[in-house]
Structure formats: structure tokens, C-alpha cells
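**Q** Dropping a structure here in C-alpha cells format, bear with me for questions.
The values are calculated or read from the model by the stated rules, or taken from the named source; none is laboratory data. Just so you know, these numbers come straight off a predicted model, no measurement behind them. All Cβ positions, even for glycine, are placed from backbone atoms using ideal geometry, and neighbour counts span all protein chains on display.
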Amino acid sequence: AQKVTQAQTEISVVEKEDVTLDCVYETRDTTYYLFWYKQPPSGELVFLIRRNSFDEQNEISGRYSWNFQKSTSSFNFTITASQVVDSAVYFCALSEARGSTLGRLYFGRGTQLTVWP
Amino acid sequence: KAGVTQTPRYLIKTRGQQVTLSCSPISGHRSVSWYQQTPGQGLQFLFEYFSETQRNKGNFPGRFSGRQFSNSRSEMNVSTLELGDSALYLCASSLGAEEIHNEQFFGPGTRLTVL
């Protein structure tokens, strides 16, 4: 069965602190894709990153970085030097590359990040 | 390039009524997916359309239906509304075809309130 777990429901940090959002997933497929989305108060889900199951290289984009570890089925997201504008709900999602569920996104419950000035 | 648009943005209905929500994908995108977001259940997949055909369906009752037109625009319909249908309905578009696992771009959503 497919499942995405974001154990952290809420995180609060002070501006300029680093923060890591955890994501653990379950899938029987050997080919799959992992995503992170940001949902600000306006409600629209904003795409941040996609990673396929064959690429375990970590990725850095500005203040954002992602650590993908197949051995622990985790795809964690770190924001360095957080800013107030980073306040949002962050969702981790899984998509399988084949079968009847092709393309369907399985979302975690999300982590509400609040960055205080 | 225009993003995904959804209309209306807000909707208030009463129990028993039906509602139609509309989604216009990004130009050139042929796949449209619908998701329901509620505080209790989180983000749940409703269905996905590609080239006017439903390719994938989530675990929702038959009251929830959808369709896609030749210009890739999609509508979803909910009949006999229930209080529990109150939610944010999000539409996502992607290139589709074999690259369905491409990133899906979401619209701003339609906030449906059922009284």
C-alpha cells in the first residue's frame, strides 16, 4: 500500500533558524516519484521539487535542500536561514510510475511551519 | 504562461443541491486531476482525466463525477450535496501521456461550503 507520513504536525522556529521537515513513505513499486509542495494561506499548492526513485543525490536550491534516502524510505526537506515568508503548510507526496495508480499523488497530512520574526 | 485557473473560487450550497466546478489547465497540458482537501481527511485524490478519458479514480462515491473537454478543460460535479462535502477542491494539470509523473501544477482551488 502507498502511504506518506509526515510525523511533524506543527513546527515553530524563529527567523534565521534552520528547520527540517520529515517525510517517510511506503510503496511496493521500485519506480516512484517523490514531491514536496508548499501551501501558503492563499490555498494554492506550489510545486517545490520532484525526485525519482533512481536518483538519490541530494539537491540544493537556494535556501532549500532535500535529502532522499531509500534505505530509510525518507525524503526530508531542510530550509536554511528560515524567513517569515516560509510560513506555510508543507506537503510531501508520492506518485507511482506504473499500474492502476499511475500519476495519482498520495499526500502526507502536511507540516504547518510558522516562522516568527 | 497562465497558470491553472479554477472557477468559482467560493461557493455556498445547501444539502441536496448539486454543484459544478470548472478547471482550465495550463496551455499545452492534457492531464487534469482533482483533489479534495478537508481538515479531517487531508488531501485526497478524486480522479484524473487525459484526452477526455478518465484514467484514474479515487475512492469517492458516485455522486462525484467529472469530465474533460477537447480543449482539456475539466469540470467536476457533485450531486446531492452533503455537509461532509464542504472542502477545498483543487485541480492540477500536467503534461500527461507517459510523463504523468511530471510535476502537477495546482490551481487556487474552489472553496465549497455546504449548509
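**Q** I'm checking my understanding of the structure. Among residues of the range A:55-66 that are part of a loop (DSSP other than H, G, I, E, B) and touching a Ser or Thr at 6+ places or on another chain (Cβ under 7 Å), which one is modelled with the lowest pLDDT?
**A** Within the range A:55-66, the match that is modelled with the lowest pLDDT is A:ASN58.
**Q** From the list B:GLU52, B:GLU48, B:GLU82, B:GLU103, which one is surrounded by 20 or more Cβ atoms within 10 Å (Cβ to Cβ) and not basic (Lys, Arg)? Steps first, please.
**A** Details: B:GLU52 fails: surrounded by 20 or more Cβ atoms within 10 Å (Cβ to Cβ); B:GLU82 fails: surrounded by 20 or more Cβ atoms within 10 Å (Cβ to Cβ); B:GLU103 fails: surrounded by 20 or more Cβ atoms within 10 Å (Cβ to Cβ).
Only one candidate qualifies: B:GLU48.
**Q** Follow-up. I'm trying to understand the selection: among the residues of the range B:36-58, which are facing another protein chain (nearest Cβ under 8 Å), under 21 Å from B:ARG73 (Cβ atoms) and part of a strand (DSSP E or B)?
**A** Hits for the range B:36-58 are B:PHE45, B:GLU48, B:ARG55, B:ASN56.
**Q** For the condition within 13 Å of the chain's Cα centre (by Cα) and hydroxyl-bearing (Ser, Thr, Tyr), what is the one hit in A:TYR37, A:TYR32? Full working, then the answer.
**A** Numbers: A:TYR32 fails: within 13 Å of the chain's Cα centre (by Cα).
It is A:TYR37.
**Q** Considering each of B:SER70, B:SER65, B:SER24, B:SER74 in turn, give the residue that is more than 14 Å from every other protein chain (Cβ to nearest Cβ), touching a Phe, Trp or Tyr at 6+ places or on another chain (Cβ under 6 Å) and either within 16 Å of A:ALA93 (Cβ to Cβ) or not acidic (Asp, Glu) (or both).
**A** Values: B:SER70 fails: touching a Phe, Trp or Tyr at 6+ places or on another chain (Cβ under 6 Å); B:SER65 fails: touching a Phe, Trp or Tyr at 6+ places or on another chain (Cβ under 6 Å); B:SER24 fails: touching a Phe, Trp or Tyr at 6+ places or on another chain (Cβ under 6 Å).
One residue alone meets the criteria, B:SER74.
**Q** Also: Quickly run through the range A:67-98 and pick out the residues that are within 14 Å of chain B (Cβ to nearest Cβ), within 22 Å of A:ARG28 (Cα to Cα) and assigned to a strand (DSSP E or B).
**A** Within the range A:67-98, A:PHE91, A:CYS92, A:ALA93, A:LEU94, A:SER95, A:GLU96 qualify.
**Q** Would you call A:LEU34 farther than 14 Å from A:GLY110 by Cβ, out of contact with any helix residue (DSSP H, G or I) (no Cβ under 8 Å at 6 or more places or on another chain) and among the aliphatic types (A, V, I, L, M)?
**A** yes
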